[in-house]
1. Take the conditions over 23 Å from the mean Cα position of the chain (by Cα), among the hydroxyl-bearing types (Ser, Thr, Tyr) and surrounded by fewer than 18 Cβ atoms within 10 Å (Cβ to Cβ) and apply them to Ser359. Does it pass?
2. State which residue is farthest from Val295 (Cα to Cα) when the search covers only the stretch 324-341 and only residues that are among the hydrophobic types (A, V, I, L, M, F, W, C) and under 19 Å from the mean Cα position of the chain (by Cα).
3. Could you list, ordered by first residue, the pairs with Cβ atoms under 6 Å in which the first is in the stretch 97-124 and within 14 Å of Thr135 (Cβ to Cβ) and at pLDDT 95 or above and the second is surrounded by fewer than 16 Cβ atoms within 10 Å (Cβ to Cβ) and not aliphatic (A, V, I, L, M), at least 6 apart or interchain?
4. How many of the residues making up the stretch 286-298 are surrounded by 20 or more Cβ atoms within 10 Å (Cβ to Cβ) and either part of a loop (DSSP other than H, G, I, E, B) or among the small types (Gly, Ala, Ser) (or both)?
5. On the given criteria, is Leu424 more than 16 Å from the ligand (Cβ to nearest atom), at pLDDT 90 or above and either over 30 Å from Met31 (Cα atoms) or touching a strand residue (DSSP E or B) at 6+ places or on another chain (Cβ under 9 Å) (or both)?
6. Restricting to the stretch 244-258, name every residue that is within 8 Å of the ligand (Cβ to nearest atom) and within 18 Å of Gln438 (Cβ to Cβ).
7. Could you look through the stretch 377-401, keep only residues that are part of a loop (DSSP other than H, G, I, E, B) and under 20 Å from the mean Cα position of the chain (by Cα), and pick out the one that is nearest to the ligand (Cβ to nearest atom)?
8. Which of the following residues is over 23 Å from Asp218 (Cβ atoms), among the acidic types (Asp, Glu) and within 16 Å of the ligand (Cβ to nearest atom): Glu348, Glu305?
Amino acid sequence: MSQEELRHGPGLKYSIREGLCLEQKPEPCGMVIFGASGDLAARKIFPSLQGLGQKGLLPENFFVLGLGRSPMDLAGLKSRLPGLPNLYYLQGDYTADSTYAALGSRLKELAAKHGTKGNVIFYLALPPGLFHDVTHQMGKVSLLDQTRGGWSRVVFEKPFGQDLASALSLAAEIRDHLQEPQVYRMDHYLGKDTVQNILMFRFANSIFEPIWNRTYIDHVQISVLEAEGVGRRAGYYDSSGVLRDMFQNHAMQLLALVAKEPPASFAADCVRDEKIKVFKALKPFDERGLAERVVLGQYRGYRDEPGVSAASQTPTYAAMRVEISNWRWEGVPFYLRSGKSLRKRHAEIAVIFKHVPHSLFSQLAPTHLDPNTLVFRIQPEEGVSLTIEAKKPGPKTCIGALTMDFDYAEAFGEHSPDAYERLLLDVMLGDQTLFPRQDALEETWRFIEPLLHASLPLRSYSPGDWGPEEADRMLESEGRSWRQP
Ligand code: BG6
């Protein structure tokens, strides 16, 4: 790209100046993928490894050892990862000692062959019920011991527990074998480009931070809307529901990025420390008045989905009003919503500023003017937009809302890579910035858990709607409304 490039969108020009890239090359390492014949490996891990390979971001000395229960042969693995060299496959039962003995000797052999210095990543693309056994087994044969030479890191996929107590017991089991710097908990929302952009936006510019507080911001809306229903994942989903599946992790992480204080540096623990402070400042849900703060819903037809119990009370939608009790945010509601089987797949964070204090325009009250709104569009059309009031051309005094819209794909001429690409690279680099730390899990469970046991009505909504109308009323009762994508 030239030093400065102009791109033209409809009614807009983007000027992109080549910026700074904080680039590092990962050290030599091997990657063991547990669950290599499974769905997650096929949908996310393999394509991301390929993407990294195509961009030249994999270490020069690198190998992938797939491990699975199915008798997939090496040719099967190669067909899933075309173009990637140094692939191996090991079939084994995850609970059998013999699997780990075989894994240990295979890793020694491959480390020597590929010069990976004993550095290894274990990716547990497995049902959470196996996390403990697999970690324990690996610990028993010293695969996680970093004093043997080389580092070892373990990637876990959510869910990290079903509630606070189970999250704590899982953590205790993991701690027997791993130090926190070895643990990478995937929250793939943190690897999405526009999510990362929130920090750049807030802390690499000087014009937003001074107004990023209760004096100027009226409220924040965080929406993660999905068009798909529960699909083939009913077995997992029906025992989880939207609060565990989307709120305890993704939605809480998004909230923390918007609300946190500037970290002292971009070092992983500085960034994560500030999130914890936000979680600690969340105003706990109170049984009294809870129905005015939280709406749960289930789409019609959910109970007929294969694998869902006919009397299921599992919410597939939730909307909530969250408050942060600190100097920056006191009195500013954060409205969060997420659900399945809605009209459109759309995820965004909208920061809605306060109305002007006084209108100069005699027939117009301040509330007639649209409030300035800054939107981070997370997906599908990633971008940032800012709505301002402006004069319409012509001799009359007409004011209208003008939206300045920056579209990632249009501006940079390419779509963002899958979040897993970025996160896998970070595991190789040993950068934990985008991975939730254990204390974050504990704080977010502590906050969400009371809702799991609360006696809240379960509202129904039609597939293809925007969710239950009670969620609309929740905002209307405060003189606000959900943004419709
Ligand atoms: C996962 C949830 O973490 O995120 C799924 O378990 C959900 O239920 C998915 O569909 C949404 O991710 P994305 O990237 O498609 O928005």
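1. Details: over 23 Å from the mean Cα position of the chain (by Cα): yes; among the hydroxyl-bearing types (Ser, Thr, Tyr): yes; surrounded by fewer than 18 Cβ atoms within 10 Å (Cβ to Cβ): yes.
Here the answer is yes, as Ser359 does meet what is asked.
2. The initial filter retains those residues of the stretch 324-341 that are among the hydrophobic types (A, V, I, L, M, F, W, C), namely 324, 327, 329, 332, 334, 336.
Pick out the ones that are also under 19 Å from the mean Cα position of the chain (by Cα) and you get 334, 336.
Values: Phe334: 14, Leu336: 10 Å.
Residue satisfying both the conditions and the ranking: Phe334.
3. Within 6 Å, the pairs are Thr99/Asp93.
4. Summing the residues that are surrounded by 20 or more Cβ atoms within 10 Å (Cβ to Cβ) and either part of a loop (DSSP other than H, G, I, E, B) or among the small types (Gly, Ala, Ser) (or both) in the stretch 286-298 gives 1.
5. Details: more than 16 Å from the ligand (Cβ to nearest atom): no; at pLDDT 90 or above: yes; either over 30 Å from Met31 (Cα atoms) or touching a strand residue (DSSP E or B) at 6+ places or on another chain (Cβ under 9 Å) (or both): yes.
So Leu424 fails the test.
6. Just the residues of the stretch 244-258 that are within 8 Å of the ligand (Cβ to nearest atom), to begin with: 245-246, 249-250.
Result: Asn249, His250.
7. Here is the first cut: in the stretch 377-401, the ones part of a loop (DSSP other than H, G, I, E, B) are 380-382, 392-398.
Imposing the further condition that a residue be under 20 Å from the mean Cα position of the chain (by Cα) reduces the set to 380-382.
On the way: Pro380: 9, Glu381: 13, Glu382: 12 Å.
Across the stretch 377-401, the extreme among qualifying residues is Pro380.
8. Details: Glu348 fails: over 23 Å from Asp218 (Cβ atoms).
Checking each option against the conditions leaves just Glu305.
The values are calculated or read from the model by the stated rules, or taken from the named source; none is laboratory data. Fair warning: this is a prediction, and the values are worked out from it, not measured in the lab. Neighbour counts run over all protein chains shown; Cβ positions are idealised from the backbone, glycine included.
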